[in-house]
Amino acid sequence: MRLGSHMSIAGGLYKALERGHDLACETIQIFTKNASRWKAKGLILSDAEKFKRVMIKTGIKPVVAHDSYLINLASPDQGTCKKSIEALKDELDRADLLEIPYLVIHPGSHVGQGEKEGLLRISAALNQIHLDLPDNRVRILLETTAGQGTNLGHRFEHLALLMNMARQKERLGICLDTCHIFAAGYDIRTKQTYDETMDKFDQTIGLENLFVIHLNDSKKKLGSQIDRHEHIGRGFIGKEGFELILNDPRLAHLPGILETPKEKDLDGVDMDVINLKVLSELRPH
Ligand code: ZN
Ligand code: MN
Ligand code: MN
């Protein structure tokens, strides 16, 4: 499994690649714009060219994009729904220009209308987006969620339904977040529970639809439905769960990306460096 971390684009998109390269990331994830704003200035072509040059130079592959936190494709509010669709289309255009193959998105929150209604709205929005952008090459990856609040996507069945209702399935896939599935109640701490969870994933969604893994330990207990990321091996999942993932031949071709807290340890060492070291030591040698 190629390993990396979510990197800041402060100072320019290409800076994320340089930061990742400095930490020995083999893959990275970025926001292609400010993740807490609806609108962004259009991408400047020379900035996109520079990004692609640095991507090749650093050998970081793949780069994964993550969408803005404001987008909610399940929103029952027409205005928010329309705004979300437009914002997501803009993110897909940006990622395509940067030759980023995947855009990870949170499926959406039903905000009280009910799960079924919310899932139907997400599905309609995804089909619309694919129709509106026939030539876009970026695959949208629906992320598994912890099920906090009214978030959808915390049951594998939700994601399977969205995959099945897609008119252009080949443009859709899944990103599995270890912290989120654990908080949602899917255990991966022992060989037995790991196998049960992955079998369940394969039977409902299909492992062939999995393209990215977010590697995060969990500050909260199994089934807590609370989304709090912890450093690898220091949360309720523990090292064994990550060892099982990193040694699963069915996942060996996937990028594994950290979204753990950005901080330094007591010696001033970047925790990304420590987390990457822990993970790479768990990888088969
Ligand atoms: Zn996410
Ligand atoms: Mn994630
Ligand atoms: Mn999270």
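The values are calculated or read from the model by the stated rules, or taken from the named source; none is laboratory data. As the structure is a computational prediction, the values presented were derived from the model and not from experiment. Cβ atoms come from the backbone with ideal geometry, glycine included; neighbour counts cover every protein chain shown. Areas reflect the complete protein model, heavy atoms only, side chains present, ligands, DNA and RNA absent. Shrake-Rupley method; radii C 1.70, N 1.55, O 1.52, S 1.80 Å.
Assorted remarks:
- Where a residue in segment 94-105 is acidic (D, E) and its partner, wherever it lies, is assigned to a helix (DSSP H, G or I), with Cβ under 7 Å and at least six apart: E99/K52
- Of residues in segment 132-147 being in contact (Cβ under 8 Å) with a residue 12 or more places away in the chain and open to solvent by 60 Å² or more (accessible area, probe 1.4 Å), the one farthest from ligand 1 (Cβ to nearest atom): D132
- Number of the exception - H154 against (1) buried (at least 18 other Cβ atoms within 10 Å of the Cβ); (2) closer than 22 Å to E243 by Cβ: (2)
- The one condition in (1) open to solvent by 50 Å² or more (accessible area, probe 1.4 Å); (2) out of contact with any Phe, Trp or Tyr (no Cβ under 8 Å at 6 or more places or on another chain); (3) not aromatic (F, W, Y) that M198 fails to fulfil: (1)
- When segment 201-250 is filtered for residues that are over 22 Å from L142 (Cβ atoms), aromatic (F, W, Y) and within 16 Å of ligand 2 (Cβ to nearest atom), only F242 remains.
- Filtered by the rule that a residue be within 16 Å of ligand 2 (Cβ to nearest atom) and within 30 Å of A24 (Cβ to Cβ), segment 46-90 gives P62, V63, V64, A65, H66, D67, S68, Y69.
- Residue pairs whose Cβ atoms lie under 7 Å apart, separated by 6 or more positions or on different chains, with the first residue in segment 225-247 and more than 19 Å from D272 (Cβ to Cβ) and the second surrounded by fewer than 20 Cβ atoms within 10 Å (Cβ to Cβ) and at pLDDT below 95, are N247/P284.
- Inter-residue pairs, beta-carbon under 8 Å, first closer than 25 Å to V63 by Cβ and in segment 199-220, second among the acidic types (D, E) and away from ligand 1 (no atom under 14 Å from the Cβ), 6+ apart: N216/E230; D217/E230
Yes/no matrix, rows are residues, columns are (1) part of a strand (DSSP E or B); (2) more than 16 Å from ligand 2 (Cβ to nearest atom); (3) touching an Asp or Glu at 6+ places or on another chain (Cβ under 8 Å); (4) over 26 Å from G238 (Cα atoms):
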site	(1), (2), (3), (4)
K116	no, yes, no, yes
N127	no, yes, no, yes
H130	no, yes, no, yes
P134	no, yes, no, yes
L162	no, yes, no, yes
E170	no, yes, no, yes
H180	no, no, yes, no
G185	no, yes, no, no
Q192	no, yes, no, no
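- Residues that are without any contact (Cβ under 8 Å) to a residue 12 or more places away in the chain and among the polar types (S, T, N, Q) within segment 153-198 comprise N164, Q192, T193, listed in sequence order.
- Search result, residues across segment 248-271 that are assigned to a helix (DSSP H, G or I) and without any contact (Cβ under 8 Å) to a residue 24 or more places away in the chain: P249
- Just one residue in the set G268, G235, G206, G223 is of a type in the set (G, A, S), under 30 Å from M165 (Cβ atoms) and open to solvent by 20 Å² or more (accessible area, probe 1.4 Å); that residue is G223.
- Residue-level analysis places L159 among those that are open to solvent by less than 10 Å² (accessible area, probe 1.4 Å) and farther than 26 Å from I9 by Cα.
- Test result for I188, open to solvent by less than 10 Å² (accessible area, probe 1.4 Å), over 24 Å from D67 (Cβ atoms) and either of a type outside the set (G, A, S) or within 16 Å of ligand 1 (Cβ to nearest atom) (or both): yes
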